[in-house]
1. Across peptide A:38-44, what mean number of C-beta atoms from other chains lies inside 10 Å of a residue's C-beta?
2. With both bridge residues required to lie in chain A, what share of the DSSP beta bridges run antiparallel, to the nearest 5%?
3. Could you give the nm distance between label points at B:ASP134 and B:SER362, where each point is 7 Å from its Cα heading toward the beta carbon?
4. Can you list, bin by bin at 10 Å, the percent of alpha carbon pairs in the range A:303-433, starting at 0?
5. Do any trypsin sites (Lys or Arg not before Pro) in the range A:183-282 lie in a loop, going by DSSP, with at most 16 other beta-carbon atoms within 10 Å of their beta carbon, and if so which?
6. Under a Cβ-Cβ cut-off of 14 Å, what is the net charge of the residues other than A:TYR40 that fall near it, where Lys and Arg count +1 and Asp and Glu count -1?
7. Hey, can you grab everything whose amide H is under 5 Å from the amide H of B:ILE37? Only 5+ residues off in sequence or another chain; H modelled, so Pro and N-termini drop out.
8. Give a quick list of trypsin sites (Lys or Arg not before Pro) in the range A:333-433 that DSSP marks as loop, anything other than H, G, I, E or B, with at most 10 other Cβ atoms within 10 Å.
Amino acid sequence: MSWDIVHLDLKQAPTILDAGASPVYVVYWWGDLPLGAHAYAPEELPLRRDRLLALAAGFLAEQVASRSPGFGGPPLARYDGQALMQPPLAQVRDLRVTSALLSELERPVHPDADELSVIVCTRDRPRPLRTCLNALSVQNAPPGEILVVDNSSGRTAASVCLDFPRVRYLHEPSPGLSRARNCGVAASTRPLVAFTDDDVEVHERWSGEIVRAFQASDVESVTGLVIPATLDSEAQRVFQMEMGGFGASCLPTRFGQVFFEETRHRGTQVWHVGAGANMAFRRRLFERIGGFDERLGAGAAGCSEDSEIWYRILATGGDCLYEPRAVVFHHHREDWHGLKRQMRAYMRGHVAALVVQHDRYRHRGNLHRILVQLPRYFMRAGLDAVRNAKPYRGRVLLEEIRGWLGGVLFLFNPMWRSRPAVPTIAPPNEQGS
Amino acid sequence: MPYRIMDLELSRPLTGFTLASHETGYALVVRWDGRIIGFLMKETPEGFRMEEDELRELLERELALRILNVKLEGSLADRWPATPVLEPPSLTIAICTKDRAARLARLLDSLEAVRGQSAFRALEILVVDNASVDPDTREVAESRTDVCYRFEPKTGLDFARNMALETATGDLIAYLDDDVVVDRGWLSGLYRVWADCPDAGGYSGLVLPYRLDTPAQIRFEREGGFGRGFERIHHRGAQLGNPLHPVGAGVVGAGANMCFRRDLLLALGGFDEALDTGAPLPGGGDLDIFYRVLRSGHAIVYEPSYAVFHEHRETMAQLRRQYWSWGLGFMAFLEKARRTDPAMRRRQDAMVSWWFRDKLISLAGALSALDLRRAGDLAAELRGAIQGLLGEYDRSVARSRRIREQVA
């Protein structure tokens with residue numbers, strides 16, 4: 001049975017959320033500010049005034065504590081990526097809840113996004129790409145440029161791009177998502193570079209919010225919220241509900257030196273910073289530390305080319321900001337086969353990235369994660385699958401273990417480990433067009 | 001040995017505190033504007049001094065967000081369209097008791113302190129004396145004004161609860177065990193949850209410890225006690241992602257503090273008198289009624305400000321017996337549910353196997369951590385559960401029939 005996805009704006013003070021025939025995944029908003037999501041069986045509905053009001057109060061309390069002036073800015077990340085909420089008691093006690101305070105939370109700012117390059121890497125998926133480019137074409141703050149990097153051998157994206165006059169088409173014939181991303185970065189001309197995927201539709205305020213987040217802080221990278229676009233198939237639901245999707249936190253969270261130093265000895269859990277489907281960087285970061293590692297990512301080891309960049313940022317003293325105001329909608333894999341392949345690739349890529357991170361900085365925590373924490377995680381997940389009788393979790397777990405074994409092979413491959421794979425990126429004004 | 005239990009009102013200025021030299025821990029009942037928003041307990045060295053700064057940091061970490069939440073709820077209420085005001089229902093407070101006159105008097109005192117604020121249309125306090133041997137119970141009840149006294153000669157908590165159900169006059173009936181006292185927010189909390197959710201079939205409330213004087217009481221509370229949290233929870237007949245709900249009816253609340261629509265309970269046939277028959281099967285009746293209310297399509301709403309303080313078991317032997325009785329009562333309830341509600345058969349079976357897997361894994365954990373006391377408690381619970389599965393419900397049905405015949 002397919003689930004409905006309902007978007008409910010609590011700012012409109014709704015008094016009822018009615019039941020349908022199937023379960024619903026409700027995404028709660030305060031105007032354009034995402035607040036959180038919850039899934040309900042039909043029997044759990046309707047929700048009436050008191051529950052909607054209580055939900056709004058709970059969500060807004062967190063938003064006020066992490067965004068309102070006087071509360072010290074975005075909370076810092078805990079080891080597991082969760083925002084550490086500890087609002088000062090005096091502020092809380094004295095706070096007067098006014099309309100101004102609440103409307104400030106979803107302040108409709110439309111900054112100019114001309115300084116933003118958006119890069120979409122695609123490979124043989126012309127139809128989703130068209131949907132993706134449609135969404136990028138109707139941004140409140142249109143980005144300065146949109147680059148499509150076609151990673152297919154047959155240039156399958158070229159004809160789609162012809163229908164979007166503002167899109168610059170690039171072709172990177174050698175396969176690998178990292179290579180495609182680097183090709184896009186090298187060709188970009190703006191000081192900020194954002195990535196999204198071809199299976200994503202961005203929110204109309206997405207590019208504006210990314211620029212705003214960079215303007216408001218000194219971070220090197222901004223990531224945002226990934227909301228499922230559909231939950232029609234069981235594979236999509238397992239990915240979102242059981243595997244945590246691409247994260248669902250709606251609190252701005254700062255990943256900085258505290259996070260890094262506290263967790264380095266046990267392998268910093270950098271993947272909590274965000275998702276490659278919704279991430280942005282200052283271009284000069286790439287000029288400083290190079291591009292994406294071409295041993296990693298889809299088409300190579302599997303994934304984690306995104307989190308490895310965040311690791312390099314943190315290891316070289318920079319900060320990252322997760323800002324869920326920047327929203328995208330992602331189409332998860334629909335079929336079991338695709339999900340299983342994806343989970344295997346994720347785990348393989350994850351282990352490969354840990355090897356790379358270890359080799360680059362000699363941080364032994366990364367090996368600890370491969371050899372101690374991940375086996376422990378497999379045991380716990382296996383126990384959970386048995387204890388709570390979840391056969392599908394067991395199936396996914398087997399794929400993860402296979403992926404882990406594939407990743408561990410990299411550990412014993414000195415050729416792979418010593419291969420130079422991070423290209424340098426030149427400043428935009430020094431290259432020809 | 002004892003922990004000091006303190007009330008801490010956060011809307012007033014904060015001050016540190018010093019424990020007495022024999023006190024080995026503290027438990028804070030934290031309030032904002034009188035409303036309970038949290039409960040924090042911790043073991044400390046004897047005579048521990050809690051400095052103001054340390055206390056503030058603890059509260060900021062644990063509860064500051066909760067205060068914001070309460071404040072926002074208050075101010076958002078003005079933005080939301082108001083719901084039409086219904087006529088308040090009448091309420092019967094039913095206390096079932098047996099040979100515990102002193103505790104009954106204590107509970108009646110606490111009710112006396114809150115009944116003045118009642119917003120209900122009418123309020124009745126009903127003491128059901130469940131075959132007490134000594135006459136003190138009757139004397140305590142009859143010495144009070146506005147307290148009705150009934151005698152139920154059939155021994156068994158659910159006989160008494162049904163007697164209360166039949167003689168009560170209220171639209172709602174709130175059951176209290178005799179080993180609790182009510183919080184000052186108890187009655188207004190119950191009224192508020194009714195006003196917000198008038199179509200629910202029942203309400204359950206927070207149960208906090210009344211004393212933490214003995215190792216058994218501290219241990220029980222540390223293992224989770226009766227705590228169901230500090231936010232309102234709506235329970236219905238299904239819950240997404242929980243394939244065992246509503247068979248695990250214990251999450252709904254505790255029999256020591258629960259309230260129902262009286263017409264609904266009458267329509268459902270009241271409590272099952274074969275459960276809670278005293279010593280041989282001292283539990284399960286609350287699980288059974290929660291389950292049947294949820295299965296009838298009605299919601300049960302848990303409201304934390306509808307709170308009582310419960311006198312936990314004093315000795316380790318009593319506590320171990322309680323674990324045993326939970327295993328026993330739960331399985332007796334499941335056995336009954338299997339027979340009367342075959343539509344849920346798969347969930348009931350899944351619950352039995354989940355429960356045993358869960359307890360066995362916990363037992364293995366306790367043994368490997370060399371926590372023999374915990375292992376013993378788990379073993380007692382498992383022993384009770386096995387006994388419960390081996391025909392305890394049938395024995396209990398026979399027992400309750402004998403009790404009925406003896407009295408007749």
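1. Per residue, the number of nearby Cβ atoms from other chains is 5 on average.
2. Numbers: 25 of 56 bridges.
For chain A, the DSSP antiparallel bridge percentage is about 45.
3. 3.6 nm
4. Bins of 10 Å from zero give 10, 31, 32, 21, 4, 1, 0 percent of pairs.
5. On the way: sites: A:ARG205, A:ARG212, A:ARG237, A:ARG254, A:ARG264, A:ARG266, A:ARG282; in loops: A:ARG205.
Listed in order of number, the matching sites amount to none.
6. 0
7. B:VAL30, B:ARG31, B:TRP32
8. Working: sites: A:ARG333, A:LYS340, A:ARG341, A:ARG344, A:ARG348, A:ARG360, A:ARG362, A:ARG364, A:ARG369, A:ARG376, A:ARG380, A:ARG387, A:ARG393, A:ARG395, A:ARG402, A:ARG417; in loops: A:ARG333, A:ARG362, A:ARG364.
Those that pass, being in a loop and sparsely packed, are A:ARG362.
No lab work stands behind these numbers, since they all come straight from the coordinates. What you are looking at is a predicted structure, and each value in this text was computed from that prediction instead of being measured. Here Cβ is always computed from backbone atoms with ideal geometry, including for glycine, and neighbour counts include all displayed protein chains.
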